[in-house]
Amino acid sequence: MFKNRFVIYLFYCFCPVFGSVIRLDGAVSLAPEALGDEIVMSLIARTTGFVALGISPTGSYAGSDIIVAWVDDSSKRGHIIDAHAVHGKNEPVEDKEHNYKVLAASQNDTHTVIQFSRAILTCDQVGDVDIVNDTMRVMWSISEKDPTRTSWKHVKWQGPKSVHLTQPLVRLPPSPQPYWDVLTPNIYLPDKTASFYFCKIYKIPQLDNKHHITGFAPQIEKDHEGLIEHMILYACLGGEEFEIFLSHPGIACADPNLPPLWKSCATPIVVWSAGSEGEFYPEHVGLPISEGEGKATYFKLEVHYDNPALQTIRDTSGLRIFYTPKLREYDGSILVTGVTPTSLQVIPAKQKNFTSTGYCDNQCTNLMFPENGIRIVSVAFHTHSTGRRVRLLRVREGLETTVIAQDHHYDPRFQQSRRLHKEAVILPGDEIITECVYNTVNRTRITFGGFTVRDETCLAYVLYYPRAALSSCTSITPTDFFFETFGIRKFYGRNMSDVEKLVLKESSEQLKELVPHVPLQSLFFRFNEKGGFNLESSKPPPSLLKAMADIDNDNGEARTIFSELIIYKPEEFQNKSFTAHLKDLPWHDSSFTQSVEKILNGRRHQTFCRLQNNEPAMVRGTKNNLFTRHFILPLQNSERKTIQEILRTCSFFSANFRLRVSEL
């Protein structure tokens, strides 16, 4: 008992910030903190020998930055060796220049605790890895003995594990906070489908007045980490009418027997994705619950399971929600932005880098945001398994572009929210751009936008304050422009207007999984600066590896609405499905692929600007209550010529088939 207290005392002396500790495994934990131009790291290891830590941007051992740290058994002094890994050698190679220094160290009969620092950027290009804001990977190892040169040859490395080393820390109140566990009721996962969405209704603990959610943490059943893709807790629209559903055992979210009232539970309060360790909010921001009159009292938990092995498994995972009766200065909220998940998002196979871009139009922010704007606290990016780089941008007055958050080494298995070092301000009239770069070199078929592991997505969940009436702002390529881009003029049995309705119906159904939904009586808001708008009324999971293996095997055309669209005109593509047509395009030609990528991302986009009741925030013309943004990013003459030449020389393309480049 005394030993455990000793370890806890030492660790909290070195790491006084709750939530900053990264548990690498049962024996080693790491607590990093960026302080100006330096990073301070504390290691606690269940050993009286040495502990080694490797840092790499990609997870590769070769080229990683290695630290070997220990407390001398005789002198009780802390020591550290700065080293690096060399390809073909298991033992680290000591750096000529040591850039790490010991700040504090201690050891008892079971544990070693050592704190050290280093400049975030060093001039040692051979031995050190620059510690940046991107996702980094760490490896670790422990030994029961203090190090000797020969002991380095048999180091057994664990990991890699993806981490954020420079993320700002949040200091929580010293006293324990109440929490609410929202767990699935020991459900059976079906053994007939790999992707399964489970939904159930819950009620918050008895609260007499408004409270603020201060943070959350996942509660994943042991060995089930690889089974859960995401969990979302939605606030329900309504009050006591949900009481009867508390005894409901839960149901598949897409089940036709889902009670209709559950569809009003659509305000995302907490969003967790695979790899995240949860999030605690800064002291001035909280997400409101128990607002009175039934508001934010009943909630729907949605859990997306990924079970490609089709195992019959019971699960009791869920979320732990921390809350406080002491209201914080601002009501916060979550904004969903990015690419509307539909089949109009197309990512060709065998591409090392292919970008999808989503836009939140300046007209939408101009209408929906308060005069002083909103302030972004954190960003959680979300892609599926082929995402490799992500970026969130702000464009002001069409000229000034600012990076809000980005990750050049994004890991889709580690979707931890990214706390901003400086809160980003989005003013009315600003534009928000979400970019995702994918790697599909191991895929043999076209990837479309959607929600299963076989599909892709490009979204950013933005935590911000003060709360506004805007719930989501996403975009897609306009349907007619999309098909004309690929030379298609008509399908059997459907005109383009019908096809557009099919696509937008799919878009609407997909979007309902994302957007908030709260009572709305009109477009007249009351705004206050604190409350915002007030409406009147370790190793890759086995499941992921299995899913990737299935995806890499070409099992025929992907089943999307495009598989059902049979081409009528032009005649040279007649009787082919549009999916087959896409597959036959010359994606292997980099000039062709890059030009198509630029057209789809930069020319025209339909932006869904939606209120918290899922209704459009504005109407422009009669185009399905959506407004279309025409982005003026013209192709250069050389690019236009390249596309035309490629299509002209492809044997299966006729002279009549051209990409829509004449207007570009």
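The values are calculated or read from the model by the stated rules, or taken from the named source; none is laboratory data. Because the structure is a prediction, the values reported are computed rather than measured. Note that each Cβ is placed from the backbone with ideal geometry, even for glycine, and that neighbours are counted across all protein chains shown.
Within the range 268-324, how many residues turn out to be over 20 Å from the mean Cα position of the chain (by Cα) and either part of a strand (DSSP E or B) or modelled with pLDDT under 80 (or both)?
Result for the range 268-324: 17.
Within the range 448-481, track down each residue that is farther than 30 Å from residue 212 by Cβ, crowded, with 22+ Cβ neighbours inside 10 Å and aromatic (Phe, Trp, Tyr).
Answer for the range 448-481, where residues must be farther than 30 Å from residue 212 by Cβ, crowded, with 22+ Cβ neighbours inside 10 Å and aromatic (Phe, Trp, Tyr): just 448.
Somewhere in the range 377-385, is a residue surrounded by fewer than 20 Cβ atoms within 10 Å (Cβ to Cβ) and of a type in the set (S, T, N, Q)?
The answer is no, given that none of the residues of the range 377-385 is surrounded by fewer than 20 Cβ atoms within 10 Å (Cβ to Cβ) and of a type in the set (S, T, N, Q).
Restricting to the range 481-525, and then to whatever is part of a helix (DSSP H, G or I) and either over 32 Å from the mean Cα position of the chain (by Cα) or basic (Lys, Arg) (or both), can you tell me which residue is modelled with the lowest pLDDT?
505
Within the range 370-409, track down each residue that is of a type in the set (D, E, K, R) and closer than 15 Å to residue 422 by Cα.
Correct list: 375, 394.
Name the single residue, out of those in the range 30-66 being part of a loop (DSSP other than H, G, I, E, B) and within 16 Å of residue 135 (Cβ to Cβ), that is farthest from the chain's Cα centre (by Cα).
My answer is 64.
Between 263, 222, which is farther than 24 Å from residue 332 by Cα, outside any strand (DSSP E or B) and of a type in the set (Lys, Arg)?
Unique residue meeting the criteria: 222.
The rows are residues; the columns are (1) farther than 24 Å from residue 276 by Cβ; (2) touching a Cys at 6+ places or on another chain (Cβ under 7 Å).
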{"position": "298", "(1), (2)": "yes, yes"}
{"position": "302", "(1), (2)": "no, yes"}
{"position": "320", "(1), (2)": "no, no"}
{"position": "339", "(1), (2)": "no, yes"}
{"position": "343", "(1), (2)": "yes, no"}
{"position": "351", "(1), (2)": "yes, no"}
{"position": "356", "(1), (2)": "no, yes"}
{"position": "376", "(1), (2)": "no, no"}
{"position": "387", "(1), (2)": "no, yes"}
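How many residues are among the aromatic types (Phe, Trp, Tyr) and touching a strand residue (DSSP E or B) at 6+ places or on another chain (Cβ under 7 Å) if we restrict to the range 575-592?
1
Which numbered condition trips up residue 19, out of (1) loosely packed, with under 13 Cβ neighbours inside 10 Å; (2) on the phi > 0 side of the Ramachandran plot; (3) at pLDDT below 65; (4) not charged (D, E, K, R)?
(1)
With the checklist (1) modelled with pLDDT under 50; (2) of a type in the set (Lys, Arg); (3) in a loop (DSSP other than H, G, I, E, B) in hand, flag the one item residue 546 doesn't pass.
Of (1) modelled with pLDDT under 50; (2) of a type in the set (Lys, Arg); (3) in a loop (DSSP other than H, G, I, E, B), only one is false for residue 546: (3).
Among the numbered criteria (1) touching a His at 6+ places or on another chain (Cβ under 7 Å); (2) in a loop (DSSP other than H, G, I, E, B); (3) within 26 Å of residue 284 (Cβ to Cβ), which one does residue 467 miss?
(1)
With respect to the numbered conditions (1) of a type outside the set (Phe, Trp, Tyr); (2) over 30 Å from residue 25 (Cβ atoms); (3) surrounded by fewer than 17 Cβ atoms within 10 Å (Cβ to Cβ), which one is the sole condition not fulfilled by residue 212?
Against the list (1) of a type outside the set (Phe, Trp, Tyr); (2) over 30 Å from residue 25 (Cβ atoms); (3) surrounded by fewer than 17 Cβ atoms within 10 Å (Cβ to Cβ), residue 212 comes up short only on (3).
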